[in-house]
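The values are calculated or read from the model by the stated rules, or taken from the named source; none is laboratory data. Since we're looking at a predicted model, the values are computed, not measured. Glycine gets a Cβ as well: all are built from the backbone with ideal geometry, and neighbour counts include every protein chain shown. Quick note on the areas: whole protein, heavy atoms, side chains included, nothing else; ligands and nucleic acids left out. Shrake-Rupley method; radii C 1.70, N 1.55, O 1.52, S 1.80 Å.
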Amino acid sequence: MAVFDLNGLKNINDNYGHECGDMALVDVGKCLKKVFGNDCLYRFGGDEFIALEANCTLEEMNQKFNLLDWELNEINQKEHPYVVPLSV
């Protein structure tokens, strides 16, 4: 099980509006779906996500975390309306 929290969502909402905050949530969700798939990924709070992986080794999970970092970096390299870099 891995739990993720979108860092800085309150800052994005306060400074750029809730529409930008929603875009940030969607972008993070897309990254998480790419890495963990639709079947084991859940949003369980305002900016919290959980991934449930069965029979996943620590090494495999670390590979997924590295891929997630890469996916987030790809988004952060592009221009987006919420300005701040996304991280979980």
Counting C-alpha atoms alone, how compact is the chain: give Rg to one decimal and Dmax as a whole number, in angstrom.
13.1, 41
Starting from the Cα-Cα distance between residue 66 and residue 44, subtract it from 0.36 nm times their residue separation and give me the gain in nm to one decimal.
5.6 nm
Go ahead and estimate [θ] at 222 nm for the chain from helices alone: -39,500 (n - 2.57) per DSSP H run with n ≥ 4, summed, over the residue count, rounded to 500.
-17500 deg cm²/dmol
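Scan segment 22-77 for chymotrypsin sites (Phe, Trp or Tyr not before Pro) in coil per DSSP, keeping those whose Cβ has at most 14 other Cβ atoms within 10 Å, and list them by number.
Working: sites: 36, 42, 44, 49, 65, 70; in loops: 44.
Here the sparse-neighbourhood loop sites are 44.
Using a probe of 1.4 angstrom, how much of the accessible area of the chain is carbon and sulfur, in percent?
51
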Segment 13-79: relative contact order as a whole-number percent, Cα under 8 Å and 6+ apart:
28
Which of 47, 39, 69 ends up with the largest GNM mean-square fluctuation for the chain, with Cα atoms connected below 10 Å?
39
Among segment 50-71, those whose backbone N falls under 14 Å of a label point 7 Å along Cα→Cβ from residue 3 are 50-52
